[in-house]
Amino acid sequence: MAPATKLPIVYVRGYAGNTAGIDKAVTDPFYGFNEGSTHVRIGPDDEPSFYQFESPLLRLHLDEGYHILVDGGQELYLATHDTIPPDSIWIHRFYDTSATTWGVGPHEFRLETAAENLLTLIETLKEKSGAPGVHLVAHSMGGLVCRCLIQKIIPDLGHDPADYVGKLFTYGTPHGGIAFDVGFGVLERLRDVTGINGADIFGPDRMYQYLTPKALTDPDGPPHNWDARAMPPDRPFAFPLGRVFCLIGTDPTDYEVAHGLSAATVGPRSDGLVQIDNAYVPGAHQAYVHRSHSGSYGLVNSEEGYQNLRRFLFGDCEVNAELVGFHLPQRGNTTWQSEVRLSVRGLQIVTHERTSAQWCPIQLSETAAGTADGKTCVPLVNTFLNSSLRTGGSGTMRYALHLRILSLHRRDGLLSFNDHLEQTADFDDILVVDVGGGDDPAAMPALQATWNSTISGPISDYRPDGASTLGDENPAPGVWVHNIELPATAAPILGEDARIRLTVTPWE
């Protein structure tokens, strides 16, 4: 497949809090995008293991050849150079004017102003690089600054945000605001009324103001059913949801802000600050990783985050895996769940995982499932492949999709544990997929797949033969589809017609 076009990357950091937090933030020349880590939780008994991640800034420089152009200051560099390379990284330093450390009176931070200044930076980068736009990479509140730009600032000017932004990638952004598991809504109302340290930007009224174009704003505030997470595709100048990726953290226990009080207040189904259900834009690409909002095990300074970022920005194939045609046993008071993990050969991390232990399994229900070709359909994984990242001597990329099906039984409205084996799956197998490449960069890759239960010996020793090559079941050009049969052990649970449907499309 043809490699993706490289555009300038602009990093937009998250919320700094009070004046002291802002002053601390501006002392960092890269606003945190240069922070790495040395810990990863994959050791025995959940003990941390040493794993050196250099930072997304350095890795983009080393892996993708991106230029870091400062020379005394970004603004100075841009002012003194007529041209810049498109493959360059820039930091939106929107907090600088709100700091007290420069010897002049600070300006009050305003999210809309940060978005307006971001547009100015993008226009400068487009002019001097000749690129058609930029990629935006944002952490936490930075994603809301980007959405304000895309959903309000640019449309209010009568322009199309797609003419400025190529792709948007967010780490742990509170797309649906910040809510708490305690206080019955009192804490949220107190925050929004007082606006302490500008934190009202995470409440629905302020979010409605900076996420809604002027022409569509209701003076009475957000409608009753308004969803802050939504980027409505039916609006004028709507940004394509397919160009948005949301990385969702599922580890609240390692978020140490306020000595763990934040995580306790927000609740376990979160990254310690942003609840899982508020961390994505409906309809956008998503990946779940067991990382906290920030800190030693944070989303931005993680290999998991970087691998998803790199493949989304520079991959050449998009792959969707769905469970289709399933029929669950008709058992009263039984709930079915699916757990999935996606692993990539050569990486010491899992790039996507949704498990019940991490409060984010996939709920299986025939009534709630979507349909595809008249069959029940539940999305399992959406990921991106980069054919330049093949490892080993095989010349292929290898991915492992771990699929587990679990049942929960209820009696009189309560979970019944009489016959329950905790964390024991009714079905548990791994689909091993090998993606090969041919001589034609524009051609679809050749895929081979088999279930781990049929492999003899270690997976690392397995070499697929030609008989396992998957054929294209879709006659339409540019889209490759194949339905993979499940092992016979899945039939009593999911039915004889259940399949894993892989869909591959070009990505750039």
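The values are calculated or read from the model by the stated rules, or taken from the named source; none is laboratory data. Computed from a predicted model, the values in this text were never measured in an experiment. Virtual Cβ from ideal backbone geometry, glycine too; neighbours counted across all protein chains shown. Accessible surface is based on the protein model in full, side chains and every heavy atom, while ligands, DNA and RNA are left aside. Shrake-Rupley method; radii C 1.70, N 1.55, O 1.52, S 1.80 Å.
Structural remarks
- In the stretch 119-148, residue least open to solvent (accessible area, probe 1.4 Å) [restricted to those that are of a type outside the set (A, V, I, L, M, F, W, C), assigned to a helix (DSSP H, G or I) and farther than 21 Å from ALA228 by Cβ]: SER129
- Evaluation of LEU364 against (1) open to solvent by less than 30 Å² (accessible area, probe 1.4 Å); (2) under 18 Å from LEU247 (Cβ atoms); (3) in contact with a Phe, Trp or Tyr (Cβ under 6 Å, 6 or more places away or on another chain) (one fails), failing number: (2)
- Answer residue from the stretch 1-45, given it is among the hydroxyl-bearing types (Ser, Thr, Tyr) and in a strand (DSSP E or B) and is nearest to the chain's Cα centre (by Cα) among those: TYR11
- If you check ALA79, ALA16 for being under 23 Å from THR113 (Cβ atoms) and touching a residue at least 40 places away in the same chain (Cβ under 8 Å), only one passes: ALA16.
- Taking the conditions (1) open to solvent by 50 Å² or more (accessible area, probe 1.4 Å); (2) touching a strand residue (DSSP E or B) at 6+ places or on another chain (Cβ under 8 Å); (3) at pLDDT 95 or above; (4) not aromatic (Phe, Trp, Tyr) in turn, THR100 satisfies each one other than (2).
- Residue ranges of strands (runs of 3 or more DSSP E) in the stretch 308-367 with at least 2 members polar (S, T, N, Q): 334-344
- A residue that is of a type in the set (Val, Ile, Thr), farther than 26 Å from SER302 by Cα, without any contact (Cβ under 8 Å) to a residue 24 or more places away in the chain and surrounded by fewer than 14 Cβ atoms within 10 Å (Cβ to Cβ) cannot be found anywhere in the stretch 105-114.
- Residue within the stretch 439-457 that is in contact with a Lys or Arg (Cβ under 9 Å, 6 or more places away or on another chain) and at pLDDT 90 or above present: no
- The stretch 444-508 holds strands (runs of 3 or more DSSP E) entirely within its bounds, and those carrying 1 or more residues that are open to solvent by less than 40 Å² (accessible area, probe 1.4 Å) and among the aromatic types (Phe, Trp, Tyr) map to 446-451, 480-485.
- Residues being open to solvent by 10 Å² or more (accessible area, probe 1.4 Å) and either charged (D, E, K, R) or within 20 Å of ARG13 (Cα to Cα) (or both) - total across the stretch 161-195: 10
- Any hit, the stretch 378-391, residues being in a strand (DSSP E or B), at pLDDT below 95 and touching a Ser or Thr at 6+ places or on another chain (Cβ under 9 Å): no
- Selection from the stretch 252-292 of residues that are open to solvent by less than 30 Å² (accessible area, probe 1.4 Å) and farther than 28 Å from TRP507 by Cβ: PRO252, ASP254, TYR255, GLY260, SER262, ALA263, THR265, VAL266, GLY267, SER270, GLY272, SER292
- Residue in the stretch 58-84 that is nearest to THR124 (Cα to Cα), counting only those that are in contact with a Lys or Arg (Cβ under 9 Å, 6 or more places away or on another chain) and part of a helix (DSSP H, G or I): LEU78
- Some residue of the stretch 48-56 being of a type in the set (D, E, K, R) and either farther than 24 Å from GLY198 by Cβ or open to solvent by 50 Å² or more (accessible area, probe 1.4 Å) (or both): yes
- In the stretch 309-316 there is at least one residue matching the filter, namely being closer than 18 Å to TYR51 by Cβ and open to solvent by 10 Å² or more (accessible area, probe 1.4 Å).
- Filtered residues of the stretch 27-47 (kept if crowded, with 19+ Cβ neighbours inside 10 Å and among the hydroxyl-bearing types (Ser, Thr, Tyr)): TYR31, SER37
- Checking each residue of the stretch 12-26 against the condition of being surrounded by 15 or more Cβ atoms within 10 Å (Cβ to Cβ) and in contact with a Cys (Cβ under 9 Å, 6 or more places away or on another chain) gives at least one match.
- The stretch 11-36: number of residues that are in contact with a Ser or Thr (Cβ under 6 Å, 6 or more places away or on another chain) and small (Gly, Ala, Ser): 2
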